[in-house]
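Shown next, in structure tokens, is the structure this report addresses.
What follows draws every value from the coordinates through simple rules; no lab data is involved. Predicted model, so just to flag it, every value in this text is computed and none were measured. Quick reminder, even Gly has a Cβ in these numbers, built from the backbone with ideal geometry, and neighbours come from all protein chains shown.
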Amino acid sequence: MMLKTLILMKKGMTWILEIAVIILMAVLVADVLWGVLTRALGTFVAWLGTKDIMVWSWIPDGQAEWSEEIATNLLMWVSLLGACVAYTSKAHLGVDYFVSKLHDASRPLVTIVINLLVGVFTIVVLLWGGYILFVETWRSGQTTAALQIPQAYYYLAVPISGVFMLLYCIENIIEAAAELTTSGLSAIKQIESE
């Protein structure tokens, strides 16, 4: 029963995370497209200015100042949250490729060890390091250049992705421990197929 609840929670969290990454990626693409468009228009407006042709004042005369800033920060969020989605989908190349090459009997034990290592890394770097990064940036009052938004908000991607990664590590460890028994393996396959 606990395993079934855990797998359902994992599916729900993963679905929410996938939707968030899709939305953030769509906004990132739109932002970069806007930046390129305004830059091209700015070049065209500058060229028209050299020909003494009057241009409407609402046409941008250069790249939107905020587009690069937003693109950089959205890329950080998409990368970190996307890594969580890849990790839980067992599509993270560095972690899952080598485990899939092992003998079936040794996979659960190696999976537990790898997930313990990933969990330690997540706690130390993403959670603790991300927390320190957020707090120190918040205390410094650092803001972004174009939008004047506290930079600490952008750095929240690090500890938030750490929370998801740690939850997925714990879930993977419990699932691998259940796979050590043949009844656990058949139960996992039956729950995942539902």
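Here the gap between T143 and E65, fully extended at 0.36 nm per residue and compared with their Cα-Cα distance, gives a gain of 26.6 nm. A simple spin-label model places pseudo-atoms 7 Å from Cα toward Cβ; at I19 and L116 they are separated by 3.7 nm. Under 5 Å between amide hydrogens, built in the peptide plane, is the criterion, and for T143 it picks out Q151 among residues at least 5 positions away or on other chains.
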